[in-house]
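Below: the structure, in structure tokens.
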Amino acid sequence: MKKQIHLAAHFPGVNNTTVWSDPAAGSHIEFDSFRRFAETAERGKFDFLFLAEGLRLREQNGLIYDLDVVGRPDTFTILAALAAVTEHLGLTGTINSTFNEPYEVARQFASLDHLSGGRAAWNVVTSWDAFTGENFRRGGFLAQGDRYERARTFMATANELWDSWHGDEILADKETGQFLRTPEPGAFQHKDEFFDIAGQFNVPRSPQGRPVIFQAGDSDEGRDFAAASADAIFSRHSTLKEGQAFYTDVKGRLPKFGRDRNELLILPAATFVLGDTDAEAAEIAREVRRLQVSPQTALRFIEQLWNTELPDFDVDGPLPAFDPVVSDTLISKGRASARMFAKDPVALANDWRARAEAGNLSAREVVIEVTGRQSFIGSAETIATTLNELVQADAADGYILVPHITPAGLVPFVDQVVPLLQERGVYRTDYTGSTLRDNLGLAPLGRPGEATATRVAS
Amino acid sequence: MVPTSTPLHLAVALDGAGWHPAAWREPDAQPQQLLTARYWTGLAQQAERGLLDFLTIEDGLNLQSDDHFAPDSRTDRVKGRLDAVLIAARTAPATRHIGFVPTAITAYTEPFHLSKAIATLDYVSAGRAGVRVQVGVRSDTAAHFGRRETPPLRADDIGDPGRQQLITDYFDEAADYVEVLRRLWDSWEDDAEIRDVPTGRFIDRDKLHYIDFEGRWFSVKGPSITPRPPQGQPVVAALGHAAVPYRLIARSADIGFVTPRDTAHAAEIVAQIRAEQATTGRAEQTLHVFGDLVIYLDESESAAVARRQRLDERAGTEYHSDARSFAGTAAGLADLLQEWQTAGLTGFRLRPAALPHDLTYLTEKLVPELQRRGLFRRGYEADTLRGLLGLGRPANRYAAA
């Protein structure tokens, strides 16, 4: 059997992917948008819906960033509501391990897993910044170097909580009056540098045992973290070469954690533009890029890289001739891409200028070229072929698709590309499992204390 | 006092298999289903058929125990529960009118998270969300979080001055907590999303506001990541049995749940809360005071009393709740509610002793009885919970007049 493709849908978050100016673009907060998006994904037999999270509104130059979609729901709450309007779709939520406590997150995911009949998944992210910390009672206390260590122990602690109930405690025998088999279910005790907690967990074991674990970190530490404890990686490497390099690297790390290569799925985020022909799709893709990078947005990107305000800058002219301001203080706050820029801004600025010169490009045109080109562009036939080739070539195990129109952007993909993948025998025609783990091809978790279930290949 | 014909409000308090500790052993109980969406959806739909204003869902950050302040090792009680906010969110899309008021614990959780969770519940229910805040002062709960020391409390030393100060502090913290929830709900003005193509702006950032809350226990910057919810301000409720919580109700809540012993006691509690309400400058605002009652309803009083007795025998002890119990017929309960209403209570939160039995009687017997007496709605008259409670949609505190 050919390697099977996994597909998922990312409800677009707060960046410039979404072309909100398009008349077809709907609400990013009304429940109906989420419902329609999820229903479309389920119609396409997708594994799961994915939600990002950001716990402080982004700022630039000391002001709330106003050019992208702003505003989103609470992750747990919206996923629980989506469980009511879907039957099979996995519900993957990003939850920060820095601004939460293990007991609470563990009970929320266990609750979501119960309420969805085994469809919960957690994308574990870490954060350290005091900027976001200002919204939380415990503040931004974490040193950057501690964030993975805290995330690791947070995960370990959450696992101990999920495993504190074995799954056979509830007897509920009306005749004898015995509800529990054991007097102290859920007992746990955990002490380390970050958490010193003990007591009884109050959510009995959920259908999956615990949520499916996603990880998105790209650093060496992040990759090790994922290889050690994640079920799937949400990566950003959607091209063939980069995808294969990432895939090989991360899968290669699994043996040192005693894990099999089928125990971790690599699922890059991907965007797409469909057209009746490849030429039409390319034309639409160019237009979408122009809309995603409005003149105002282009200016903000350039300011982020140059790390300074450029009040009278003309984005239709050349890039700034001077070098970026190198500083630990960034004008952009709450944005991961700005931190990427800050790694070596002078070199990156030189690269942008070189591209401008080579292509005779304006500042805005450079931004259009270097940020967020779509992953899949073409007719349905072309996209189905390309996507399948990438998966068969081990550049990925599947893709998490981010449409540029909410909520209907997924519809053409589901209507046109999914049937082609099904015809080729590389994509399911119906859900086969009852839990998200099943649908992802991950072996069920044994009960704590039992021997690990036989592992099945995905 | 003369019975009034002012319509009253009705809510049902859902918890596990019902409030009686032996409820899960009743013939129609579904003790294996307590952690399923289907169970909660069925209850919510039943409550909605009875045209109830809202349902509440109990919660706690510890395993249930008979002792209010400490864990126990009993194996004959329902133990284990799901997060109440998530039960509400999972259930709300399967209903259209009834409000959802899940319990949230204020002592350990983040107000920023809870604010957006309740705002989101308001979005997924199209304006039917509320939250019941509970302080959750238990040393075993504190140990689950490890971030703050809470000395063990016991029922018999609760009057001790040191304990009283601790309790006062926790309730003051809860008041700060509600203030943060409310400011965050207002931190976006209703028309902040503009989608102005010529200027490329999705929002008008002048309509987003830092809340800059700084209190004794925490500070929160804001604004929320979630836009202002449909109701503007979801409904806030709190349960109280004494002066300190009454002050929280008066200062911060839209609904107080109270536990009177009788009509005179109800009048006393209402007077206390109204006085506090005036002191905090909220005299002009609608503040509901609901009486809580544990209910055992049957076709005859003797059947209800016998059922209570059977439940008590099975539990091995007489069940005493913080709220008064009523065992009898729907007509008898209607008489009692009508009498208590004269004390100034504006509604009732009924705690079914056993589910689904007492909820079914509530909706199929009590409600029609109250309707006959002109005391309860014959159809949902509003689309939002605030609307059902006559609260109106509040202006945003940050919007320029």
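Every number in this text was worked out from the coordinates using simple rules, so none of it is lab data. Just so we're clear, the structure is a prediction, and the values are computed from it rather than from any experiment. All Cβ positions, glycine included, derive from the backbone under ideal geometry; neighbour counts span all protein chains shown.
Could you tell me the calculated FRET efficiency between A:Lys174 and B:Gln309, based on Cβ-Cβ distance and R0 = 22 angstrom, to the nearest 0.05? Plugging the Cβ-Cβ distance into 1/(1 + (r/R0)^6) gives 0.80.
On the beta carbon distance between A:Arg339 and B:Gln338, with R0 = 56 Å, the FRET formula returns roughly 0.30. What's the longest uninterrupted piece of chain B once you rule out the GluC sites (Glu not before Pro) that are loop residues per DSSP with at most 13 other Cβ within 10 Å? The segment B:1-148 is the longest one with no such site. Legend: mean number of C-beta atoms from other chains within 10 angstrom of residue C-beta atoms, peptide B:84-96, equals 6. Rounded if a/c is under 1.5, else prolate if a/b beats b/c, else oblate: with a ≥ b ≥ c from the C-alpha gyration tensor eigenvalues square-rooted, which is the range B:326-401? Since a/c reaches 1.5 and a/b is larger than b/c, the shape of the range B:326-401 is classed as prolate. Shielding of peptide B:138-145 by partners, expressed as the average count of other chain Cβ atoms within 10 Å per residue Cβ, is 5.
The loop-placed trypsin sites (Lys or Arg not before Pro) in the range A:316-349, going by DSSP, that have at most 12 neighbouring Cβ atoms within 10 Å of their Cβ come out as A:Lys343. One quarter of the convex hull surface, Cα atoms only: what value does that give for the range B:211-304 in nm²? Mean shadow area of the hull around the Cα atoms is 9.7 nm².
Only the Cβ atoms of Lys and Arg (+1) and of Asp and Glu (-1) were treated as charged; on that basis the dipole of the range A:305-403 about its Cα centre amounts to roughly 260 debye. Between the listed residues A:Pro444, B:Ile273, B:Gln32, the Cα displaced farthest toward the positive end of the dipole of the protein assembly as shown, a dipole computed from Cβ unit charges relative to the Cα centre, is found at B:Gln32. Projected onto its three principal axes, the C-alpha set of the range A:9-68 covers 43, 26, 18 Å, listed from the longest axis down. Within chain A, DSSP assigns beta bridges of which about 25% are antiparallel (rounded to the nearest 5). With R₀ fixed at 22 Å, the C-beta to C-beta distance from A:Asp276 to A:Glu369 puts the FRET efficiency at about 0.30. Across the range B:62-74, coupling constants 3J(HN,Hα) worked out from phi with the 6.51/-1.76/1.60 Karplus curve, θ = phi - 60°, read 8, 6, 4, 8, 5, 6, 5, 10, 8, x, 9, 10, 5 Hz, and Gly and Pro carry x.
For the Cα trace of chain A, dividing Rg by the Kirkwood Rh returns an Rg/Rh value of 0.98. Restricting attention to the protein assembly as shown, close to 20% of DSSP beta bridges with both partner residues there are antiparallel. The per residue volume of the convex hull around the alpha-carbon atoms of the protein assembly as shown is 165 Å³. What shape does the range A:304-458 take by its C-alpha gyration tensor, where a ≥ b ≥ c are the square roots of the eigenvalues and a/c under 1.5 counts as rounded, a/b above b/c as prolate, and the rest as oblate? Note, shape of the range A:304-458 comes out prolate. Counting other Cβ atoms within 10 Å, which chymotrypsin sites (Phe, Trp or Tyr not before Pro) in the range A:266-354 have at most 11 and lie in a DSSP loop? Those that pass, being in a loop and sparsely packed, are A:Phe322. Expressed as a rounded percentage, what relative contact order does the range A:322-412 have, with Cα pairs under 8 Å and six or more residues apart? Relative CO of the range A:322-412 lands at 13 percent. Once each part is reduced to its C-alpha centroid, what is the distance from the range B:280-322 to the range B:34-59 in angstrom? For the range B:280-322 versus the range B:34-59, the Cα centre distance is 18 Å. Find the percent of Cα-Cα distances in the range A:144-287 that exceed 26 Å, and round it to a whole number. Beyond 26 Å sits 48 percent of the P(r) for the range A:144-287. DSSP finds beta bridges in chain B, and of those with both partners inside it, around 10 percent are antiparallel.
Of the chymotrypsin sites (Phe, Trp or Tyr not before Pro) found in the range A:98-151, the ones in coil according to DSSP and having at most 13 other Cβ atoms within 10 Å of their Cβ are A:Phe141. Remark on the range B:285-359: ratio of C-alpha radius of gyration to 2.2 N^0.38 Å is 1.17. Placing +1 on each Lys and Arg Cβ and -1 on each Asp and Glu Cβ, with no other charges, gives chain B a dipole about its Cα centre of roughly 720 debye. Which residue, chosen from A:Met340, A:Val315, A:Ile302, occupies the Cα position most advanced towards the positive end of the dipole of the range A:294-370, where the dipole is computed from +1 (Lys, Arg) and -1 (Asp, Glu) charges on Cβ about the Cα centre? Going by the Cα projections, it comes out as A:Met340. Mean partner shielding of peptide B:225-233, defined as the number of other chain Cβ atoms within 10 Å of each residue Cβ, is 4. In this rough spin-label picture, where each label sits 7 Å from Cα along the Cβ direction, the B:Gln285-A:Asp312 distance is 5.1 nm. Over the residues of the protein assembly as shown, the helix contribution to mean residue ellipticity at 222 nm works out to -10500 deg cm²/dmol, using -39500 (n - 2.57) for each DSSP H run of at least 4.
All alpha carbon pair distances within the range A:297-369 were sorted into 10 Å bins beginning at 0; the resulting P(r) in whole percents reads 22, 57, 21, 1.
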